[in-house]
Each structure stands twice: as structure tokens, then as C-alpha cells.
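Just so it is clear, none of the values below were taken in a lab; they were calculated from the coordinates. Nothing here was measured: the structure is a model prediction, and the numbers come from that model. Cβ sites come from the backbone with ideal geometry, for glycine too, and all protein chains shown count toward neighbours.
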Amino acid sequence: MRKILVTGAFGLVGSDLVPALQEKFGKENVFALGNKTIPADFDGNLVKGDVTDISSMETIIKDNGITDVYHLAGILSVGSEKDPDLAWKVNFGGLKNILDLAKTYKFKVFWPSSIAAFGPTTPKVDTPQHTSLEPTTIYGVAKVAGELMCQYYWKRYGVDARSLRYPGLTGYKAPPGDGTTEYSVHIFYGLLNEGKYSCFLKKDARLPMMYIDDAIKGTIDLMEAPPENISVRTSYNFGAINFTPEELVAEIKKLYPNFTCTYDPDPVKQAIAESWPQSIDDSAAKSDWGWKPEIDLTKMTEVMIEGLKEKLGK
Ligand code: SER
């Protein structure tokens with residue numbers, strides 16, 4: 001019987017991943033750990049702990065016989081720049097704790113890396129799987145170190161850790177976090193709450209993006225793939241769509257012609273965006289375990305508006 005722990009359970013990914021895992025494996029077999037506000041309608045097992053405190057994590061894993069950990073807890077790129085020491089402690093230290101426990105308790109690990117593992121020396125278009133990794137953010141530094149730790153723990157100790165380099169993710173279930181690509185979530189709140197939005201990136205800031213449903217499907221498919229299919233033990237390039245703020249605005253305007261977006265680029269966020277790729281070559285994920293994204297920009301825009309309207313009661 002699978003027993004699955006999700007850390008960061010109420011963040012952007014966890015808010016959609018937990019219900020998907022509950023549906024696939026049974027509500028009683030999924031355990032949610034998170035320090036964000038727990039939604040009033042959350043229906044499932046809650047556990048308390050701190051990913052930076054290994055003994056609290058060991059207790060959860062032992063007490064519940066955990067077989068799989070989706071370790072999502074982390075501080076996003078912009079938040080990490082505000083407190084680099086804390087970012088390292090949570091983002092790298094938290095992963096190290098999980099990997100160390102996986103050595104002993106033999107559970108499988110999913111951990112997200114990010115396009116933030118890349119940097120200004122990486123080719124920006126169709127970024128290859130194996131390429132220069134010289135990030136200029138602490139968030140990216142922790143991602144590269146984490147990727148290498150996953151591979152090292154696999155080779156040295158047989159820990160079955162799997163990872164995806166998530167692009168910018170867009171979803172409506174969780175409130176937007178402190179990330180660079182999160183403008184693509186904030187913009188829909190602006191649309192529905194005020195009919196306008198002031199974007200913190202330049203209008204031509206092209207970034208690799210993905211709707212959350214594709215990300216959840218790819219995440220579970222990777223974890224369910226036979227181990228012999230996993231040729232990349234650092235982290236897989238993982239792509240779907242790419243767009244600029246201006247292109248997203250044009251898509252929204254097809255449905256809401258009166259929507260207005262102004263641009264007031266934030267220097268920190270814009271610099272982070274400029275250090276990341278614009279599009280991703282994810283052929284290794286496609287050939288190893290059959291990755292295939294399904295949601296394009298038009299569809300993403302429609303489902304974000306429908307979902308958020310319902311959530312906000314608009
Ligand atoms: N989407 C994240 C961010 O913008 C990067 O992984 O912080």
C-alpha cells in the first residue's frame with residue numbers, strides 16, 4: 001500500500017497535486033504538510049512538521065509508513081532573494097533532510113527543480129537538457145546543488161529521487177506566491193477584481209510556462225515510470241508553452257476586450273527573468289517516459305478565468 005507525503009502541500013503545486021494524488025491513491029493514503037493557510041474546505045490527512053527539522057520529518061515518515069515523498073516545500077525566486085540564508089536552509093537543507101531520510105527509510109522522492117537552475121550563460125532558446133548551469137539567484141544555486149544531490153544519492157545510496165525542471169506554472173487554486181513567473185497568476189486576479197493589472201515584468205519578457213494540470217500530470221507520470229526508464233537523475237527539462245506578458249494580455253483581451261495592462265518592471269524580478277531561458281528542449285522527458293503537454297495558451301487562459309471566477313465568486 002502506498003503512503004504518500006506531500007510537503008508544501010498548500011502552495012501552487014501542492015494545492016493541485018494533493019487532490020490528484022488523493023483521487024489516484026485514496027484520500028486515506030495521502031498526508032499533507034504545509035505552513036501556508038490551510039483552506040477551510042481541505043479534506044484529508046494533515047501532518048505537522050518542519051522540513052528544516054529532520055527529527056520532525058522522521059517522526060512523520062515512521063509513524064505513517066511513508067513510501068513516497070513529493071517534497072515541494074520551498075521559497076520561490078523573489079522571496080529567496082529577500083533572505084538568501086533562509087532560502088538555502090529551506091530549499092537546500094530541506095531537500096538534504098528528505099534525501100538523508102530516504103537513505104534509511106527507502107521511500108521514493110519527487111523534488112522540483114526549475115528553469116531557475118539555468119543562468120545567463122545558458123542558451124536561451126530550446127535550452128538543452130545538458131548545458132551550462134550558472135544561475136545568478138540563490139534560488140537557482142540551491143536548485144543546481146539539489147539536482148546534483150539527487151543524482152549523487154541515487155548513484156551512491158540507491159535513493160530513487162526524481163525531478164523536473166518546472167517552468168513558470170500557472171494555476172488558480174493557491175494564491176500567487178513570491179515568484180518571477182507568478183505575474184501569470186496575479187494578472188488573472190487583477191482582471192477579475194479590478195479589470196486591470198500592472199505587470200512587474202517587461203511586456204516582452206518571454207519565459208517557458210505551463211498550466212498546472214500539465215505539470216501535475218507530468219509529475220505523477222514521472223513518479224510512476226519504471227526506474228529503468230529514468231535516464232536523467234539530476235532533473236528533466238520539462239516544457240509546454242512559452243509566452244510574453246504581452247501575448248498573455250492579447251489572449252485575455254479576446255475574452256475581455258476592456259482589460260488593460262500596464263508595465264512597471266521591477267528591477268529585481270526583471271533581472272531574474274532575463275537570466276532564465278525562453279523555451280525548453282524537453283526531448284529526454286518525451287522519449288524516456290512519454291511526456292506530452294496538452295494545454296496551450298488559449299486553453300490556459302480560458303480555464304484560469306473560469307476557475308478563478310468560481311473561486312472568487314465572480
Ligand atoms: N516559478 C518560480 C519563480 O518564479 C521559479 O521556479 O520563482
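Do any of Lys62/Lys217; Lys217/Lys292; Lys217/Lys299; Lys196/Lys253 go past 19 Å between their Cα atoms, and which?
Beyond 19 Å between Cα atoms: Lys62/Lys217.
What order do you get for 170-177, 289-296 when each peptide is scored by the mean count of other beta carbon atoms within 10 Å, highest first?
Ranking, from highest mean packing down: 170-177, 289-296.
If the stretch 46-104 were replaced by its equivalent ellipsoid, with semi-axes equal to the square roots of 5 times the Cα gyration tensor eigenvalues, what would those be, largest first, whole Å?
23, 11, 10
For the chain, what's the relative contact order in percent, using C-alpha pairs closer than 8 Å and at least 6 residues apart?
Reported as a whole number, the value is 18 percent.
Once the Cα gyration tensor of the chain is found, what semi-axes does its equivalent ellipsoid get, as square roots of 5 times the eigenvalues, in whole Å, sorted largest first?
Three semi-axes, in Å: 30, 22, 18.
Among Thr181, Thr301, Thr37, Thr67, which comes first, second and so on when ranked by fewest other beta-carbon atoms within 10 Å?
In increasing order of surrounding Cβ atoms, one gets Thr37, Thr67, Thr301, Thr181.
Cα centroids of the stretch 96-132 and the stretch 236-314: how far apart, whole angstrom?
Comparing the Cα centres of the stretch 96-132 and the stretch 236-314, I get a distance of 22 Å.
Using a Gaussian network model of the chain with C-alpha springs under 10 Å, which one of Ala285, Ala40, Ala271 is most mobile by mean-square fluctuation?
Top of the fluctuation ranking is Ala40.
How big, in percent, is the set of alpha carbon pairs in the stretch 179-280 lying more than 15 Å apart?
67
Please give the contour-minus-distance gain from Asp178 to Ile38: 0.36 nm per residue of separation, less the Cα-Cα distance, rounded to one decimal in nm.
Extra length from Asp178 to Ile38 when fully extended: 48.6 nm.
Using +1 at the Cβ of each Lys and Arg and -1 at the Cβ of each Asp and Glu in the stretch 64-136, identify which of Gln129, Trp88, Ala102 lies farthest towards the dipole's positive end.
Of the options given, the answer is Ala102.
Rounded to two decimals, what is Rg over Rh for the stretch 263-314 when you use alpha-carbon atoms and the Kirkwood radius?
With Rg and the Kirkwood Rh in hand, the quotient comes to 1.13.
Can you give me the convex hull volume of the Cα atoms of the stretch 65-196, divided per residue and expressed in Å³?
Dividing the Cα hull volume of the stretch 65-196 by its residues yields 128 Å³.
So what does the Cα-only Debye profile of the stretch 75-116 read at q = 0.15 Å⁻¹, as log10 I(q)/I(0), no solvent term?
Scattering profile of the stretch 75-116, log10 relative to I(0): -0.43.
Could you pull out every one of the aspartates and glutamates with an alpha carbon less than 17 Å from that of Lys314, ignoring same-chain neighbours closer than 8 positions?
Partners found: Glu194, Glu302, Glu306.
Per the helix-only calculation at 222 nm, which mean residue ellipticity applies to the chain, given -39500 (n - 2.57) for every DSSP H run of n ≥ 4 and division by its residues, nearest 500 deg cm²/dmol?
-13000 deg cm²/dmol, from helical runs alone.
Percent relative contact order of the stretch 15-147, based on C-alpha pairs within less than 8 angstrom and at least six residues apart?
21
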